[in-house]
Amino acid sequence: IVVPALAFIPGLSAGRGGLSAAFEACFAAPLSAFVPHALLGLLRSAWSLGYRRPAFWNVAMIELERKLFEEADSAWSPEDLAFATLLASNIVASCGGVEQRLTVDQKNPLRGAADAACRCLKAGSSAVAARVTELRPKDLGMVAIALSKARFKDGQAFALLSHRATSLLTGESACSKEDFRAGSFRHSHVAQLLTALATFEFRDDELIFALAAEAESSLAEYPAVSRDMVLSSLWKLGSAYCHGALLEAVVEYGYDKGGMAQEELTSVEVLPADEELDGDKQSMALPGKATAARSTGPRPQADHAGDDQDAVDSVGSPGLAPPRARSRPSPGALKG
């Protein structure tokens, strides 16, 4: 109860006040004694407070991977699966991504945990894909940005995520009243999905049109970080996915930046805070820049089966109405 709550107390650090002892105690418990939700809670606090002991994170990733494979589905909520994937991604990203993790600086304290984190990331991605129909927009955003940060190009998983997001955005998924409310796309969810699509240069036309329509409906109310993510992603993907005020904003943004096609895209993640606890407040963090990667493989299609730690106001979605009908250009359409 105590350790997971540390993540929500501002100003705490593992290096001050002897808080590292709390994580040492959890490590000695041992970590295998914790059920998935409890383990994720203490790992969330450890990461948020800057606790970076290599042995701790190596064992944590091994144990998390084991639980992902061995624990029954009933032990894992969809949100826990998404956050487990994001946690592993944080470590892999800190070591340069999936492909560069073995060449990372020897001084990086997490280098020894990079391989275990990579395996955990892949296990998390597979687990999420297996239960994709249960994912909410928050979960979709977390997984998409996790794959993007770690440069883990899992086309099959991303195609399933895209299909699920499109179904929620267009109202095609049958759901209860509670699920419908939980299915609203906030500014962070839209921004994260677009950023991931742009990072991998995946052009799922139906999803991009739907996300653009969602952004257009309330772009003026978006916080600066989400707005910049949306505009930079759409500029990279192709401004022809937009129209009206959104098109003007995308083109203006691209001109101001001198051509975002060769710029770096900044990923943001939803902090692992319970949305039910903070009401209409949602935290977002800048975990670092993620360089856009050029796709060399086939692009997934729409019909596949498969503010710097500060809290920002979360804007409610106008609903799950279908995007406006419009003509669709070719995926590689003009930029501005």
* Structure fact -> With every protein chain in place, the accessible area of L246 for a 1.4 Å probe, in Å² rounded to the nearest 10, comes to 0
* For a quick protection proxy, order the peptides 65-71, 90-96 by their average other-Cβ count within 10 Å, most packed first. => 90-96, 65-71
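What relative contact order, as a whole-number percentage, does region 30-127 give when Cα pairs under 8 Å and 6 or more residues apart are counted?
Computed over region 30-127, the figure is 37 percent.
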* Structure fact -> For 32-39, 198-205, ranked highest to lowest by mean beta-carbon neighbours within 10 Å, the order is 198-205, 32-39
* Could you sort 7-17, 218-228 so that the peptide with the highest average Cβ count within 10 Å comes first and the rest follow in order? => 218-228, 7-17
* **Computed accessible area, T85, all protein chains, 1.4 angstrom probe, square angstrom** => 0
* Length released on extending from E71 to S218, taking residue separation times 0.36 nm less the Cα-Cα span -> 48.8 nm
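The values are calculated or read from the model by the stated rules, or taken from the named source; none is laboratory data. Here the structure is a predicted model, which is why all the values come from computation and not from measurement. Quick reminder, even Gly has a Cβ in these numbers, built from the backbone with ideal geometry, and neighbours come from all protein chains shown. To get the accessible areas, we keep the full protein, side chains included, count just its heavy atoms, and leave off ligands, DNA and RNA. Shrake-Rupley method; radii C 1.70, N 1.55, O 1.52, S 1.80 Å.
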